[in-house]
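This report concerns only the one structure given below.
The values are calculated or read from the model by the stated rules, or taken from the named source; none is laboratory data. In this text, all values refer to a predicted model and were calculated from it rather than measured experimentally. Positions of Cβ are generated from backbone atoms using ideal geometry, with glycine treated the same way; all protein chains shown enter the neighbour counts.
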């Protein structure tokens with residue numbers, strides 16, 4: 001069975017918690033463990049936080065999240081239409097941040113760690129899209 | 001001496017000092033915390049989610065408490081009721097760790113659940129902090 005949702009909201013920090021809770025509720029339709037749900041919440045929180053902090057650091061704009069699953073594959077796409085990333089390779093290095101003021105540069109590292117697949121697309125002054133995949137293994141009944 | 005002070009209060013939980021601060025933020029998810037000064041330890045008890053939206057209040061309160069209490073060397077974070085943390089929350093904790101490190105102090109986590117521990121481990125925080133099971137144990141190490 002395939003199912004999907006699409007959310008759009010202003011890229012402000014107050015929506016970070018809403019986004020991870022909403023996607024966790026959607027993912028909970030699958031036969032999913034609490035550990036897997038926590039993984040998804042961390043990954044979504046990091047992705048949306050990056051939209052707010054980096055994508056829209058001096059301007060406002062919306063964040064769009066599309067989540068879908070088919071069988072045991074959950075895909076989450078988080079997109080902003082902000083500044084974009086000039087150097088994607090550098091951005092993916094652990095500890096890299098363009099805003100060193102108490103940012104740890106761990107957002108993408110966490111997304112990669114907590115999800116099974118991570119793809120990053122970005123264009124300067126167009127926006128950034130993160131595609132994350134989590135495979136939910138089938139559970140044995142009982 | 002710290003333990004004697006703690007036990008003399010005859011409380012089951014950390015006593016509130018005049019430096020206690022409470023904060024809650026409505027919207028998205030909430031973080032609540034109290035901050036107490038016990039001898040040379042600043043003890044922060046946290047409840048809820050610490051993310052991009054909720055961490056500024058926590059950062060401000062910790063920074064203020066550390067500035068006011070120059071005798072404080074150690075930071076004790078009771079995270080038994082902390083349900084979520086991401087890299088934004090970790091950044092605030094790391095920043096305050098640097099403050100207490102400069103005073104020759106320690107960072108101690110009390111009762112971190114497996115999800116919180118995993119985030120802390122992934123960030124490398126486990127290499128700089130102690131993990132204990134009770135506030136009393138934390139004060140013994142402080």
Pick from B:108, B:116, B:26, B:35: which is under 24 Å from residue A:47 (Cα atoms) and either surrounded by 20 or more Cβ atoms within 10 Å (Cβ to Cβ) or modelled with pLDDT of 95 or more (or both)?
-> B:116
For residue A:89, are the conditions met, namely being surrounded by fewer than 21 Cβ atoms within 10 Å (Cβ to Cβ) and modelled with pLDDT under 90?
-> yes
For residue A:40, which of the numbered conditions (1) surrounded by fewer than 24 Cβ atoms within 10 Å (Cβ to Cβ); (2) more than 9 Å from chain B (Cβ to nearest Cβ); (3) in a helix (DSSP H, G or I) fails to hold?
-> (1)
Within the set of pairs 6 or more residues apart or between chains, which connect a residue that is away from chain B (no Cβ under 11 Å) and without any contact (Cβ under 8 Å) to a residue 24 or more places away in the chain inside the stretch A:16-32 to a residue that is buried (at least 17 other Cβ atoms within 10 Å of the Cβ) and part of a helix (DSSP H, G or I) with Cβ atoms less than 8 Å apart?
-> A:28/A:37
Which one of these is away from chain A (no Cβ under 14 Å), under 14 Å from the mean Cα position of the chain (by Cα) and touching a residue at least 24 places away in the same chain (Cβ under 8 Å): B:99, B:130, B:49?
-> B:130
Within the stretch A:51-86, how many residues are farther than 14 Å from residue A:130 by Cβ and outside any strand (DSSP E or B)?
-> 10
Do any residues in the stretch A:87-116 that are within 18 Å of residue A:127 (Cα to Cα) and more than 9 Å from every other protein chain (Cβ to nearest Cβ) have Cβ atoms under 6 Å from those of residues that are at pLDDT below 95 and assigned to a helix (DSSP H, G or I), where the two are at least six apart or on different chains, and which pairs are they?
-> A:92/A:108
Note on residue B:88: of the conditions (1) within 14 Å of another protein chain (Cβ to nearest Cβ); (2) surrounded by fewer than 16 Cβ atoms within 10 Å (Cβ to Cβ), unmet is (2)
